[in-house]
Every structure is written in structure tokens, then in C-alpha cells.
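Below you'll find the structure, written out as C-alpha cells, and then a few comments.
The values are calculated or read from the model by the stated rules, or taken from the named source; none is laboratory data. Only a predicted model underlies this, so the values are computations on that prediction, with no experimental measurement involved. FYI the Cβ positions are ideal-geometry reconstructions off the backbone, even for glycines, and counts take in every protein chain you see.
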């Protein structure tokens, strides 16, 4: 079964956090910069209007015989110089003696503007002025250029509307909208991070699907050979090619070596059987030949196991192969002569598999159970159904297996030393073969401590309904 990939991995959460932190900070900086730009532009536009208006007023006034003459009365009757509004202008015209020659009608609503006599450094410049808690932008110009000593001064003011006055409101609305913005940023960051990791996850899934019998799969991710993902794809595909070549060479060598060993061993076993059937042998010679026969038979089993392990694809079960687990379990006493072997199986237990290979599984588990148990201790086998699964338990009352060795017990050539001085024979291939066959049948095998002491090997296979 394919492992479900976790959604919130530590790497994903870390990348989403840093993306969110960066985008949130950027959002805050953009807001502040936008506020300053907006305030600057509003002030610039207001100053442009002020300078434009003062030019119109200069053209509407003139001085004749030390008297101020209004050449265009309509200019002074406009609403901007009569009413009070954010777009109003406030006008005072006075001479160097401080005598007010003309002022706009709307000044009576805010009071007179304080007079100011600019010099050559401040003339034609716009300054800030505060009157009755109201802020103004004020420009001072001479009605005629070059009359700094006796000329007429035009003082024109406009109310200063600074966006900084609205800062509390802007901050308030920002605080209200920020949770929604933050949620959108987090969701967007999560989507982007997941999309960014998608090619890597594809590589991981493919690598997990490749085994010694399925090395023909390759990465087909579309990317340029010069791109990082393209280079990763090509590098891994080249690695898979090399692995496939080496594994095929090793598998071919193991297959050939096993077959070459099986032939002379089989002949040797047959010859020893023939010799042992002779009744005229000396007792010592007969004992020696018996030992040779046992060791030859043992070697044949080892070679056969290596041959199966080298070609695991040979015991991948066909869809049409049906195995009667109940019958096989109950018939084990007929083939495995063990006095303390107790069998129990529900009827009607079927799985997909091959009876020959499954018998090898049970034989290895039973031999292992008796090997690591004291003489006279029973071994119990139970087979039953549980939630569309067939469960097979092989439990002994032996010495048990420490937790730190359970993970390695199915490794090839790994031998468990129970530390009691019992030198059990074996090469550590039996349980490796068991694990390979059970896995090929789509099942799992687990190890648990027997409550009464010892170890239980538990096999779980998909149950098959047979009518």
C-alpha cells in the first residue's frame, strides 16, 4: 500500500512561515511607502494649485499712482475666495508698511493671516503657517518683480490637508483587514511551496516504487537539460541505469552460480543416499556418511534459498493462484514431524499465493521457533480471519528477541545471538526468504513479544472470498 504523504511536513511549514513573514513585511513596507508617496503627491498638487492661483491674481491686479487697481473683479468673486472649504484660498494684499490693501471675503471666518515680509530668500516660496489651530500652506509674492523695498505683497494661503491626520484611520482599517490578508498570504505561500516541492515529491514517489525487479522506470519530468530539475532528472536516470546494469549482472551471476552448484550437490546427495542404503558399511564410516548427507542436504537448501532470493520475481503470485490457508496449516503435522507443534485454523481461509512458497514460509518460521526454544517447549500456530484479513500467528516460548534486534531480523545473513551460549546453526537466510515471499503476496509480517514468554511472528494477508 502506498504511504500517504503528510501535508504539513516540517520543511513545508518552515518555508510557508518564512514566505509569510517576508510577504507580510513587504506588505507593511509597501503600505508605509505608499502613504508617504500619497502624502507627498497631495502636497505637491495642492502647491501647484496655489502657485497657479497666485499667478491669476497677479494678472488681475496692478498698481497705479501708489493705488491698488483691480483689473479683473470676477477673479475675486469666485467661490474659492468667498466660501470656506478644503479647496478655498485665503488672500491678503498689503504693502511694506503693513497696510492691508485687499483681502478675500472668507478671511472673516478664520481671522486674519499674520503679516510676513519676505526677503529675497523666502519670496516665492511656500511655507507652513498655523492660524487658530488650522494649518495652511502660504505663498508670498511681489505684485511686481524687483519692488522688494516698496512693492505690494500678495499673501495667498490654502488649507493644508495632510494624510498623516488620517493615519489612525488608515492603521485601524489595516488592522481590521490584516487577518484576511494574512490568511490569503499563508494560503498562497502554502500553494506555492507545495507546487515548488511537487517535482521533488515525484522523484521520491518514483524512487520508492523502484525495486530490484522494477528498475525499468525512469523520471519523465519535462524540463530543460540545463535546468536544475532537468539536471536532477538526468542524474537520477543515469544512476538508475547503472544500478539496473549492476543488479542484472549480479542476478545473472547468482542465478548461474546457484544452478551450477545445484547439479553437483544433487548428484552428491544421491550418491550418499546409495551408500547409506548399503548394510555392509562400518559403523564409523556410516556415521561419517550420515553427517556428509545431512550437510549436503543443508547446502542444497541454502543454495535453493539463495536462488529464490536472487530471483524474487519468480514468486510474485499470479492472479489465478488461490491458496487454501486452512488446509495447508492443518496438514503441517504430516510433513513437519514435531511433537510439540500445535495447530489451529479457522475453516474457509483463502488468499492469493503459491502453496509451495507458502509452505517454505511456514517451514522456516517453525524451524526458527524450535531452534530458539528450549527442548520440550511448544510452538503454536493459529490462523483466523480479522477485518478482511487472514492472520497467521507463529508463537514460541523461547528466549525472545530484544527490541533493538527486531528491525534487523529479516536482513539477509543476519543471525540473532540470544546470548545464552546456544550456538544455533544457520546462515541468516530463512527469515529473509520469509519476508520476501510474504511481501510478494501483498502481505506484511510483524514481530511481537509472546505474553507467555518468547516471540510471535504475525503474518497479515488480504483475504479472498471463495464461493
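How about region 101-124: which of its residues are crowded, with 16+ Cβ neighbours inside 10 Å and without any contact (Cβ under 8 Å) to a residue 24 or more places away in the chain?
Scanning region 101-124 gives 103, 107.
Considering only region 262-270, I want to know if a residue exists there that is more than 30 Å from residue 396 (Cβ to Cβ), modelled with pLDDT under 80, in a loop (DSSP other than H, G, I, E, B) and not assigned by TED's automatic domain parsing to the domain that holds residue 383.
Checked against the condition, which is being more than 30 Å from residue 396 (Cβ to Cβ), modelled with pLDDT under 80, in a loop (DSSP other than H, G, I, E, B) and not assigned by TED's automatic domain parsing to the domain that holds residue 383, region 262-270 yields no hits at all.
Working only within region 285-336, note down all residues that are assigned to a loop (DSSP other than H, G, I, E, B) and at pLDDT 70 or above.
321, 331, 336
Find the residue count for region 6-37, including only residues that are modelled with pLDDT under 80 and surrounded by 10 or more Cβ atoms within 10 Å (Cβ to Cβ).
Result for region 6-37: 2.
Tell me, which residue of region 350-387 that is closer than 22 Å to residue 429 by Cβ and assigned to a loop (DSSP other than H, G, I, E, B) is modelled with the highest pLDDT? It would help to see each step written out before you state the result.
Within region 350-387, the subset closer than 22 Å to residue 429 by Cβ is 353-373, 379, 381.
Applying the additional criterion that residues be assigned to a loop (DSSP other than H, G, I, E, B) yields 353-354, 372-373.
On the way: 353: 85, 354: 82, 372: 80, 373: 80.
Per the stated criteria, the residue is 353.
Within region 22-100, considering only strands (runs of 3 or more DSSP E) that don't extend past its boundaries, which have at least 3 residues that are touching a residue at least 40 places away in the same chain (Cβ under 8 Å)?
Result: 61-64, 89-95.
Would you pick out the residues in region 216-247 that are loosely packed, with under 14 Cβ neighbours inside 10 Å and touching a residue at least 24 places away in the same chain (Cβ under 8 Å)?
Residues satisfying the conditions are 216, 243.
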